[in-house]
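Written out below as structure tokens is the structure these notes cover.
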Amino acid sequence: MQKVLKILLLASGLSILAGGLFGPIYAIFVEQIGGDILTAGTAYASFAIVAGVTIFLVSRWEDHVKYKEKFVVMGYALGCFGFLGYLLIQDPFDLFAVQIIFGISVAIGTPAYDGLYSKHLDKGKFVSEWGLWESMNYILIGISAAVGAFLAEFFGFRFLFFVMLVLSILGLIVSTLLFSKESSKTVQQL
């Protein structure tokens, strides 16, 4: 497996862990900030719609950009701001703002990530190496869901959000390894 794929997988894994910690207990937090089921659903909808529309627009532009690793790193950096935003949420309107930040973050990073990942697959291992990402995704979501529920139950949401922020920062740091000389040579050949 190429070094670029290892970097992409590790950065993505840390980000998946960060987000997965919160997934199944999201609605409970929404209630704690004065929201209800409608708030939880529309806040998540705002994330998904912003991500979808922005991905549609950004991906067409990213096709013409030479250094896609910059967009991967920018996506992780913006995601860190989203995780920091969870620590600052006071009411449902703050939640909507954070969800929009995450939507933009995903839109900036995901198309470039997928492009880099696809370009660096080993010949004859296209399916198995994408399968590696998919299996990692589901396993980490499962592990982080249980860990996140435990952390929120025993230490509270603020501690959980801090852990999420730390994991996202680690993912960002790992993603900057895409700029290392060895990785850059491989990435620039795109």
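The values are calculated or read from the model by the stated rules, or taken from the named source; none is laboratory data. What you see is a predicted model; the values in this text were computed from it and never measured. Note that each Cβ is placed from the backbone with ideal geometry, even for glycine, and that neighbours are counted across all protein chains shown.
No other residue among Leu87, Leu116 is in contact (Cβ under 8 Å) with a residue 12 or more places away in the chain, in contact with a helix residue (DSSP H, G or I) (Cβ under 9 Å, 6 or more places away or on another chain) and over 17 Å from Phe161 (Cβ atoms) apart from Leu116. Whenever a residue of segment 162-173 is aromatic (Phe, Trp, Tyr), its partners that are part of a helix (DSSP H, G or I) and surrounded by fewer than 21 Cβ atoms within 10 Å (Cβ to Cβ), lying with C-beta atoms within less than 9 angstrom and at least six residues away or across chains, give the pairs Phe162/Leu87.
List the helices (runs of 4 or more DSSP H) that sit entirely inside segment 1-106 and contain at least 3 residues that are closer than 21 Å to Ser180 by Cα.
Working: elements: 3-20, 26-32, 37-62, 68-88.
Qualifying helices (runs of 4 or more DSSP H): 3-20, 68-88.
Selection over segment 11-47 of residues that are at negative phi and over 21 Å from the mean Cα position of the chain (by Cα) gives a count of 9. Looking only at segment 92-133, residues that are modelled with pLDDT of 95 or more and charged (D, E, K, R) come to 1 in all.
Filtering segment 142-154 to residues that are surrounded by 17 or more Cβ atoms within 10 Å (Cβ to Cβ) and either of a type outside the set (Ser, Thr, Tyr) or over 19 Å from the mean Cα position of the chain (by Cα) (or both) leaves Gly148, Ala149, Leu151, Ala152. For segment 130-139, the condition holds for no residue, the condition being that it is surrounded by 16 or more Cβ atoms within 10 Å (Cβ to Cβ), out of contact with any Gly (no Cβ under 7 Å at 6 or more places or on another chain) and outside any helix (DSSP H, G or I). Please work out if Gly34 is loosely packed, with under 14 Cβ neighbours inside 10 Å and of a type outside the set (Ser, Thr, Tyr). Here the answer is yes, as Gly34 does meet what is asked.
Among the candidates Ser59, Ser105, which residue alone is polar (S, T, N, Q), closer than 17 Å to Leu172 by Cβ and surrounded by 15 or more Cβ atoms within 10 Å (Cβ to Cβ)?
On the way: Ser59 fails: closer than 17 Å to Leu172 by Cβ.
Criteria check complete, one pass: Ser105.
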